[in-house]
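The values are calculated or read from the model by the stated rules, or taken from the named source; none is laboratory data. Because the structure is a prediction, the values reported are computed rather than measured. No Cβ is skipped: glycine too gets one built from the backbone with ideal geometry, and neighbour counts run over all protein chains shown.
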Amino acid sequence: MRTNLKGKLTLIIAILVVFVYGIFGVPNGVSKDAFTQALANRIHLGLDLRGGTHLVLQVMVDEAVSAVTDNDIQRVQADLDKAQLAVGSIAKLDPAHPDVITVAGTAPDKASDVRGVLETNYGNYVVTPGADNTWTLSMKHQAMLDIQHHAVTQSIETIRDRIDRLGVAEPIIQEYGLGENQVLVELPGVDDPARVKDIIQSTARLEIHAVTGGPYTSEQEALQANNGMTAPDVELVHGNGGGRADGDQVYALKRVAIVAGNDFRDAQPSTDENGRPDITFNLTTSAGNAFYNYTNSNIGKMMAIVLDNRVREAATIQSAIRDSGRITGGFTQDQAANLSLTLRTGALPASIRILEERTVGPSLGAASVHHGVVAAIFGILVVMAFMLFYYRGAGINADLALFLNLVILLGFMGFTGSTLTLPGIAGVILTIGMGVDSNVLIFERIREELHLGKAPAAAVDQGFAHAWITIIDTHVTTIVSAAILFLFGTGPVRGFAVTLTFGLLANLFTAVYVSRVIFDAHLARKQRGEALSI
Amino acid sequence: MVEFFRGINIDWLGKKWYFLGFSLIFSVAGLLSIFFWHGVPKGVDFKGGTLVYVNFAQTPNEDHIRSAMDAAGLHDATIQRIASGPLSQASREEVISLPQRDTSEATGLDAGRATVLTALTSGYHDSDFAIQQVEVVGPQVGKQLTRQAELATLYSLLGMLVYLWFRFEFIYGVAAVVACFHDTLITVGAFSLTNQEITLTVIAAILTLIGYSMNDTIVVFDRIRENLRLMRREPLAVVVNHSINQTLSRTILTSGLTFLTVLSLYLFGGEVLHGFSFALVVGILIGTYSSIAVAAPMLVAYQDWQASRGKSANLPAGRKARA
């Protein structure tokens, strides 16, 4: 019995040491500062406690789907041309459904050939023939989900890259919500997110297109110049080719870009001959070669640099260009710097909308920590004092268990790197209240058994045995609700669910196991027949 | 030894009509307020909009802030002094809130912080100020959160129903869930009656309450299950009364202690946790009450109802009870 008890005590002390290590790690000394520092390294504070910005972004994934179908429209045209099948028009008719392509005006006697081409080459689409020689290609659900998911992950990478280059420490950028294509961005220490938001939101889609006509003063004029309609591979884009941000002109451009998005390797802010800010960019080697071939064979023609769907620069190709170019266009110094940063990190696959923005100033965070800690300490002291008053000797037992419960809870958080939020502190405080419940249940039961005339050892034994079932039931139900909070909650609420769950698990150990060992140790030293202080 | 509750023998079930009346008064008052008075006051998390918390160097003059907002064309801005906690100093902090605008375009959401800041900078000259905290929530988020909160509440009630069904009997689960629903209703009603806003953290508090109230109920149920085996000849009402009385000291002690910790949160926890701790303060009182006055009597009422239909008059003691 005694050796067994020793083993158990050693186990408890070992656990205490492990979790104290979890809280503090190994501090650089024994001063108060060293401990505070060590604590701060282990327990991460949430944004609401340390100050910072919390953004929820919506990735407009329809645009990514639309980009794919745009591309496929070109491919369908090319494939049908190659198979020498006549076709009237290929277009997306319903703007609300960027995933549906309608092919119209195929030759009636070639229907099976058309179907053959469409079905073999476009496995991602469901091909349905319609009336009047039309075909509908609607993208399969799974393919669309893949594109959307890819757009979200690519956006996350791009945003992370941009934020890293801004030098924000420890940002959190991750998928958010329940499959709604949203992204969570948490930026500790940033309390005026204006610049960050600009940089995150800038799509930075840089492309170079061939110019087929223009500049015109308006879309009507552009249409008139092209006999009232634009060819399917031509689009009208607004902008100012003279290198100024203001002023509106319309250009007719080839829909498919010569170089786009990932073809850019680098971009740097620079100044032109007149000392005005501009941006110099470089292309990747393969894109540079393609660009060289294109410019070499199209000398004398016009091309346009298009940024976020606006023409920023339109110029005649004077000579073959390999891999570098320049965008002028009335930038301020800051704009040039921000823009080249976003260009360096690549384009976003789709534009981004900000759904939610929360900013907490650092002083408010510090005040919240202070309030939370004061409330916690006050709560603990009151509860401990009451247990001592009401249960006397056994109160010491309960207080020890309670203390160990807190140590394990905080140690858990240190080990798992979970985040302590303000509701999380509330969770800690609530754990104190509910943690003591297990002790109360057990002690009340022991008292009942004593009243029935049982000997102390038997009463303790029975008390634990009966209370144990109740304790399991109550803990499981509370953990169920905490788990659901974790699943459905976000940010601070999740922090609360985590502390509550850890606290309850730790409580199962301390209130039942540790408390029992202390009782046993106590009883082992007692004389037979001596009363239990409870 | 110190003992507050010993040899208590209260006829709880004999008072069931009082309990029913009490519960009805509070539920109906809450419901009336929800439907005809304040509604369910939603915080910015759910209804969307902009909140800017501004800290002023000196106690600000709200009329001056208002005129600064009016001058900037923000006629629908609400200006509110942050209630200081009972133990903290007079507040120099104001919340300026703008309602949700029609934000069909991306620009709409960003506008809030900047407009309030420029309005204050150009129109308020009494003292320096600093923006403490900004919350801007778009309409989409609100809808999503409302759905999540509803689902979370529903699922956690369901989860407990299933667990209790598995551990006890179906009727125990039903009684416990009804009691929890009763608590949720009265707590939300209290928010409506006092016109306090329900935020995301309040929802977290309410879900915690469901767990807490369930705790109390389970302690009583466990005792009923145990006593049903020990007191086979007694009528159910006697067993239930006895079980409540036996666990009463534990119920009061635990609730009292938890209440103390929550009260310390309410007093010292600062402004941000006020709603949270208010929900817990109300909920712990109601949760304790409901396990005695709602859940347990429901078991007896169920059995009486079954007996009146000529079915077996014995409440099953829980087939999965411990061996």
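Tabulated values for the structure
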| item | result |
| --- | --- |
| Residues within segment B:209-220 that are modelled with pLDDT of 85 or more and more than 8 Å from chain A (Cβ to nearest Cβ), tallied | 4 |
| Residues located in segment A:427-442, provided they are closer than 20 Å to B:Arg6 by Cα and touching a Leu at 6+ places or on another chain (Cβ under 9 Å) | A:Asp437, A:Ser438, A:Asn439, A:Val440 |
| Members of segment A:446-493 found to be among the hydroxyl-bearing types (Ser, Thr, Tyr) and closer than 30 Å to A:Val360 by Cβ, listed by number | A:Thr478, A:Ser481, A:Thr490 |
| Residue under evaluation A:Ile200, criteria (1) part of a helix (DSSP H, G or I); (2) surrounded by fewer than 15 Cβ atoms within 10 Å (Cβ to Cβ); (3) in contact (Cβ under 8 Å) with a residue 12 or more places away in the chain, criterion not met | (2) |
| Subset of segment A:84-105 (residues that are more than 46 Å from the chain's Cα centre (by Cα) and surrounded by 14 or more Cβ atoms within 10 Å (Cβ to Cβ)) | A:Leu85 |
| Qualifying position, being part of a helix (DSSP H, G or I), within 29 Å of A:Val373 (Cβ to Cβ) and in contact with a His (Cβ under 6 Å, 6 or more places away or on another chain), among A:Leu504, A:Leu485 | A:Leu504 |
| Residue list for segment A:154-197, restricted to those being closer than 21 Å to A:Arg494 by Cβ, of a type in the set (A, V, I, L, M) and surrounded by fewer than 18 Cβ atoms within 10 Å (Cβ to Cβ) | A:Ile172, A:Leu178 |
| Conditions (1) away from chain A (no Cβ under 12 Å); (2) modelled with pLDDT of 85 or more; (3) buried (at least 17 other Cβ atoms within 10 Å of the Cβ): number failed by B:Thr115 | (2) |
| Single match in A:Ala337, A:Ala350, A:Ala260 (criterion: small (Gly, Ala, Ser), under 30 Å from A:Leu184 (Cα atoms) and touching a Leu at 6+ places or on another chain (Cβ under 9 Å)) | A:Ala260 |
| Index of the failed condition, A:Gln527 passing every other in (1) of a type outside the set (D, E, K, R); (2) facing chain B (nearest Cβ under 8 Å); (3) surrounded by fewer than 16 Cβ atoms within 10 Å (Cβ to Cβ) | (2) |
| Count of residues meeting criterion [within 12 Å of chain B (Cβ to nearest Cβ) and either buried (at least 21 other Cβ atoms within 10 Å of the Cβ) or acidic (Asp, Glu) (or both)] in segment A:453-475 | 7 |
| Single condition B:Met231 does not satisfy, out of (1) aliphatic (A, V, I, L, M); (2) in contact (Cβ under 8 Å) with a residue 24 or more places away in the chain; (3) surrounded by fewer than 23 Cβ atoms within 10 Å (Cβ to Cβ) | (2) |
| Selection within segment B:145-158 - facing chain A (nearest Cβ under 7 Å) and either buried (at least 20 other Cβ atoms within 10 Å of the Cβ) or more than 20 Å from the chain's Cα centre (by Cα) (or both) | B:Ala152, B:Ser156 |
| Among residues of segment B:56-76, those that are β-branched (Val, Ile, Thr) and more than 17 Å from B:Thr115 (Cβ to Cβ), counted | 1 |
| Residue, nearest to the other protein chains (Cβ to nearest Cβ), within segment A:160-213, restricted to residues that are under 19 Å from the mean Cα position of the chain (by Cα) and on the phi > 0 side of the Ramachandran plot | A:Gly177 |
| Unique residue being at the interface with chain B (Cβ under 10 Å from one of its Cβ atoms), farther than 21 Å from B:Ile218 by Cα and part of a helix (DSSP H, G or I) when the list is A:Ile442, A:Ile425, A:Ile432, A:Ile408 | A:Ile425 |
| Flag if B:Ser264 is crowded, with 22+ Cβ neighbours inside 10 Å and within 22 Å of B:Leu20 (Cα to Cα) | no |
| Candidate set from segment A:364-391 (those that are facing chain B (nearest Cβ under 7 Å) and touching a residue at least 40 places away in the same chain (Cβ under 8 Å)); member that is nearest to A:Arg447 (Cα to Cα) | A:Val383 |
| Of residues in segment B:232-273 being more than 7 Å from chain A (Cβ to nearest Cβ) and charged (D, E, K, R), the one nearest to B:Tyr53 (Cα to Cα) | B:Glu271 |
| Residue list for segment A:502-520, filter: within 14 Å of chain B (Cβ to nearest Cβ) and buried (at least 21 other Cβ atoms within 10 Å of the Cβ) | A:Gly503, A:Leu504, A:Asn507, A:Ala511 |
| A:Gly489 vs. criteria farther than 30 Å from A:Ile396 by Cβ, among the small types (Gly, Ala, Ser), surrounded by 19 or more Cβ atoms within 10 Å (Cβ to Cβ) and assigned by TED's automatic domain parsing to the domain that holds A:Gly411 | yes |
| Hits in segment B:163-203 - residues which are in contact with a Lys or Arg (Cβ under 9 Å, 6 or more places away or on another chain) and either within 14 Å of chain A (Cβ to nearest Cβ) or within 30 Å of B:Arg223 (Cα to Cα) (or both) | B:Phe166, B:Arg167, B:Phe168, B:Glu169, B:Tyr172, B:Gly173, B:Ile198, B:Thr199 |
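Yes/no per residue for (1) among the acidic types (Asp, Glu); (2) modelled with pLDDT under 90:
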{"position": "B:Leu164", "(1), (2)": "no, yes"}
{"position": "B:Tyr172", "(1), (2)": "no, no"}
{"position": "B:Asp183", "(1), (2)": "yes, no"}
{"position": "B:Phe191", "(1), (2)": "no, no"}
{"position": "B:Ile203", "(1), (2)": "no, yes"}
{"position": "B:Asn227", "(1), (2)": "no, no"}
{"position": "B:Pro235", "(1), (2)": "no, yes"}
{"position": "B:Ser243", "(1), (2)": "no, no"}
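Table: residues versus (1) exposed (fewer than 14 other Cβ atoms within 10 Å of the Cβ); (2) hydrophobic (A, V, I, L, M, F, W, C).
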position: B:Asn9; (1), (2): yes, no
position: B:Lys16; (1), (2): no, no
position: B:Ala29; (1), (2): no, yes
position: B:Ser33; (1), (2): no, no
position: B:Val44; (1), (2): no, yes
position: B:Phe56; (1), (2): no, yes
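Every residue, every condition in (1) closer than 30 Å to B:Ala293 by Cα; (2) more than 9 Å from chain A (Cβ to nearest Cβ); (3) assigned to a helix (DSSP H, G or I); (4) under 24 Å from the mean Cα position of the chain (by Cα), yes or no:
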position	(1), (2), (3), (4)
B:Ala119	no, yes, yes, no
B:His125	no, yes, no, no
B:Val134	no, no, no, no
B:Leu161	yes, yes, yes, yes
